[in-house]
1. Among the numbered criteria (1) farther than 19 Å from Val55 by Cβ; (2) without any contact (Cβ under 8 Å) to a residue 24 or more places away in the chain; (3) open to solvent by 10 Å² or more (accessible area, probe 1.4 Å), which one does Leu101 miss?
2. Looking at this structure, is Glu174 part of a helix (DSSP H, G or I) and acidic (Asp, Glu)?
3. Does Glu110 meet the test of being open to solvent by 40 Å² or more (accessible area, probe 1.4 Å) and part of a helix (DSSP H, G or I)?
4. So which helices (runs of 4 or more DSSP H) stay within segment 1-95 end to end and still have 1 or more residues that are near the ligand (Cβ under 10 Å from one of its atoms)?
5. Assuming Gly184 fulfils every condition listed in (1) out of contact with any helix residue (DSSP H, G or I) (no Cβ under 8 Å at 6 or more places or on another chain); (2) open to solvent by 40 Å² or more (accessible area, probe 1.4 Å) apart from one, which condition is it?
6. Can you tell me which condition Met222 does not meet? The list is (1) in contact with a strand residue (DSSP E or B) (Cβ under 8 Å, 6 or more places away or on another chain); (2) closer than 27 Å to Thr89 by Cβ; (3) surrounded by fewer than 19 Cβ atoms within 10 Å (Cβ to Cβ), and all the others hold.
Amino acid sequence: MGLKLDEVVPWGRSFDEYVAMFALSAADLERRIVCCADGPAAFNAGMAARGHFAVSTDPLYAFPAEAIRRRIRETSDLLMREVRKHLDTYVWTAIRSVEELGRRRMAAMEAFLADLAAGAHEGRYVAAALPHLPIADGAFDLALCSHLLFTYSRHLSTAFHLEAIREMARVAAEVRVFPLLDAGGEPSPHVEPVIAALREGGRTVAIRKVPYEFQVGGDEMMVARRAK
Ligand SMILES: C[S@@+](CC[C@H](N)C(=O)[O-])C[C@H]1O[C@@H](n2cnc3c(N)ncnc32)[C@H](O)[C@@H]1O
């Protein structure tokens with residue numbers, strides 16, 4: 001996979017944020033879920049704590065918890081400074097201040113770190129980099145990806161986005177990707193060509209509003225399904 005830890009800026013969201021970002025219903029939580037580019041998010045730990053099971057994939061999981069914790073310490077100030085520089089590109093209602101944002105993200109990442117060793121042992125954390133997943137065809141019902149695709153639009157090509165989403169669609173009947181904005185809060189230029197190519201390949205694709213908006217205008221996800 002070749003990921004170097006000093007190139008990663010770990011940043012993870014909470015279980016509740018995942019539920020809102022992907023508009024997950026109680027029935028969705030019972031489905032077989034794989035999360036791609038899940039990083040130090042607390043969704044998997046939250047699923048396990050509630051008696052559900054999800055598999056998370058990310059190249060970050062090749063590193064032990066202590067090394068990831070060190071990297072979080074090294075990079076979190078920089079991330080918070082970036083947020084402070086661009087305060088008006090965020091919605092400060094559910095999360096009311098930069099300090100609260102920092103506390104919530106650190107709590108989510110601590111929940112992930114506390115769960116990583118046991119979760120990896122149980123096969124819930126799998127080191128893997130898109131656009132390849134070491135997972136059998138159709139092994140999952142739902143694949144989720146937050147804050148990699150479209151977020152890093154400047155660094156990842158349309159072809160990469162398409163390959164990654166097709167790979168998620170190979171392993172799961174339904175794929176949800178959030179958000180559709182890039183890291184600067186602009187609509188991603190990859191969204192339209194990706195939708196067109198997926199439809200041409202016989203998938204049904206929809207853009208759905210979700211009950212979550214932290215980046216201004218970032219309240220939509222892409223949903224792709226196999227055509228029946
Ligand atoms: C901003 S974090 C998002 C983490 C989590 N999904 C969330 O929303 O809280 C982006 C993640 O993408 C991961 N990543 C980078 N390149 C990747 C790739 N090719 N395939 C899968 N994950 C990748 C990074 O390791 C990092 O954990």
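The values are calculated or read from the model by the stated rules, or taken from the named source; none is laboratory data. It should be emphasised that the depicted structure is a prediction, and the values quoted were computed from it without experimental measurement. We place every Cβ from the backbone using ideal geometry, glycine too, and count neighbours over all the protein chains shown. Quick note on the areas: whole protein, heavy atoms, side chains included, nothing else; ligands and nucleic acids left out. Shrake-Rupley method; radii C 1.70, N 1.55, O 1.52, S 1.80 Å.
1. Tallying (1) farther than 19 Å from Val55 by Cβ; (2) without any contact (Cβ under 8 Å) to a residue 24 or more places away in the chain; (3) open to solvent by 10 Å² or more (accessible area, probe 1.4 Å), Leu101 fails exactly one: (3).
2. Details: part of a helix (DSSP H, G or I): no; acidic (Asp, Glu): yes.
Criteria not met by Glu174.
3. Numbers: open to solvent by 40 Å² or more (accessible area, probe 1.4 Å): yes; part of a helix (DSSP H, G or I): yes.
So Glu110 fits the description; yes.
4. Working: elements: 15-21, 26-29, 43-49, 65-85.
Per the criteria, 15-21, 43-49, 65-85.
5. Condition (1) is where Gly184 drops out.
6. It fails just one condition, (3).
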